[in-house]
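Written below as structure tokens is the structure these notes are about.
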Amino acid sequence: MLRWITAFSLALATSAAALPAQAQVWVPAWTASPAPDRLDGTPEAPVQFANQTVRQDMRLASSARALRFRISNELGQAPLHIGSASAHLTGTANAARPVTFNGRGEVVVPVGAALLSDPVAITAPALADVSLTVYFPDATRPAVRRTALRIAEGRAATVGDAVKLAYRQNVVSAVLAERTRKPIVVVALGDSITEGATATRGSNGDWPALLSARLQQACPDQVVVVNAGISGNKVMDHGRSHSALARLDRDVIALPNVDRVILFEGINDIRHDGGTPPVPGRNAEDMVLGYRQIAERLHSNGIRPIAATITPFGGSDRYEPIAAATRTTLNAWMRGGRSGFDGLIDFDRILRDPANPENLPEDITRDHLHPNDEGYRRMADGIDLALLGCPVR
């Protein structure tokens, strides 16, 4: 009997040792959507990285036991040469860890491709900042949307805080966080208002980041919000970037463990193009088609779409009555409850001037189209957290 008990105990111990100590779940903790090279500068002096070291600080919307970095050349026009890369929690540069790709510190990302780094042993709480430092030995034209960067000449071990922030395109399109339990993951899909183009640079003052901080306080580590906004983006048509319809698979569906998408786009579609003569914007019927296609594709991938009403733009440089009427029609359709979306965020109601509903209040905008820091705060504070899986207490 004693021999049997000993053998049985040994078998149990062996089985337990074979099991993973904790489940492994990877979720997006930060994102920046790929966008074509903006061709800033001139042909003789293009804006690019060449024999330079670039540091990017990114605020994590999730806690992490380890991190992986997604380097994108999906919209690049030439192979992307990474000379070396390292990562550290911002403010702890002396603890930088190498970032490798299948064990390789130097790598070339082919045109049209993205590479995911090996896991980096960095533990971080939600809302911590992580710094990724990349050395570019060759002339490089990045193809990820613009973000705040610090750029040093040559191959530098570190790029310090004294280096001035620049607003430039870069190459990292996502940071993935390893967790033991899956949170609710929300992607904010939009244009410049979602990207946070008019927030104070480097402040994490865009409404998705502010919403993430609010959720972290109300439901710690339960809901993650990442930003898939691109300045100038449209639902239906290409402009400075691929349309929401065209980039949905790459920028949303391809991310791991996404549960909900907030779709806040359309203002760039419905306004005229500002040319001579101006080309009219899309009508409401076209826009409903685009919105419903996005909702259906998200549903088919098990993701719940949430619509957001289009905010006022009276007084802006491309305001005119036809586009204004289209906005009113689309917002009424979204509020009608038969749009095919699983929820609604009424940004129009949250931001509009009560005395002049076609306009933003003067104190929350500089150009009558984009919110300022206070406007972004109102957007984040006006969202019902229960809609994102954080119950009201």
Could you compute Rg(Cα) / (2.2 N^0.38 Å) for the range 50-92, with N its residue count? 1.42
I want the antiparallel fraction of DSSP beta bridges within the chain, as a percent rounded to 5. 75 percent
Counting Lys and Arg as +1 and Asp and Glu as -1, each charge on the Cβ, what is the dipole of the range 145-248 about the Cα centre in debye, to the nearest 20? 140 debye
Once the Cα gyration tensor of the chain is diagonalised, what are the square roots of 5 times its eigenvalues, in whole Å and ordered largest first, as equivalent ellipsoid semi-axes? 38, 28, 19
Taking every Cα atom in the range 197-316, find the radius of gyration and the maximum pairwise distance Dmax, and write them in Å. 15.8, 52
Under the Karplus relation 6.51 cos²θ - 1.76 cosθ + 1.60, θ = phi - 60°, what is the ordered set of whole-Hz ³J(HN,Hα) values for the range 348-354, x standing for Gly and Pro? 4, 5, 5, 9, 5, 6, x
If you average over every viewing direction, what projected area does the convex hull of the Cα atoms of the range 269-393 give, in nm²? 9.1 nm²
Order the peptides 189-199, 76-86, 278-288 from the highest to the lowest mean number of other Cβ atoms within 10 Å of their residues. 189-199, 76-86, 278-288
Here, trypsin sites (Lys or Arg not before Pro) of the range 201-249 satisfying both criteria (DSSP loop; at most 14 other Cβ within 10 Å) are Arg201
Please report the antiparallel percentage of the DSSP beta bridges confined to the range 183-388, to the nearest 5. 10 percent
To the nearest 20 debye, what charge dipole does the range 266-393 have about its Cα centre, counting +1 at the Cβ of each Lys and Arg and -1 at the Cβ of each Asp and Glu? 480 debye
Filter the GluC sites (Glu not before Pro) in the range 74-183 to those in DSSP coil with at most 11 other Cβ atoms within 10 Å of their Cβ, and list the result. none
Under 10 Å from the Cβ of His272, count the other residues' Cβ atoms, weight Lys and Arg +1, Asp and Glu -1, and hand me the total. 0
Scaled by the rule-of-thumb 2.2 N^0.38 Å, the alpha carbon Rg for the range 83-209 gives a ratio of 1.11
Long-range alpha-carbon pairs in the range 183-388, meaning those over 21 Å apart, account in percent for 49 percent
Under unit Cβ charges (Lys, Arg +1; Asp, Glu -1), what dipole magnitude, rounded to 20 debye, does the range 74-146 have relative to its Cα centre? 120 debye
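Throughout, read-outs are computed from the coordinates displayed, never taken from laboratory work. From a predicted model like this one, the values you see are computed outputs, not experimental measurements. A quick note on method: Cβ atoms are made from the backbone with ideal geometry, for glycine too, and the neighbour counts reach across all protein chains shown.
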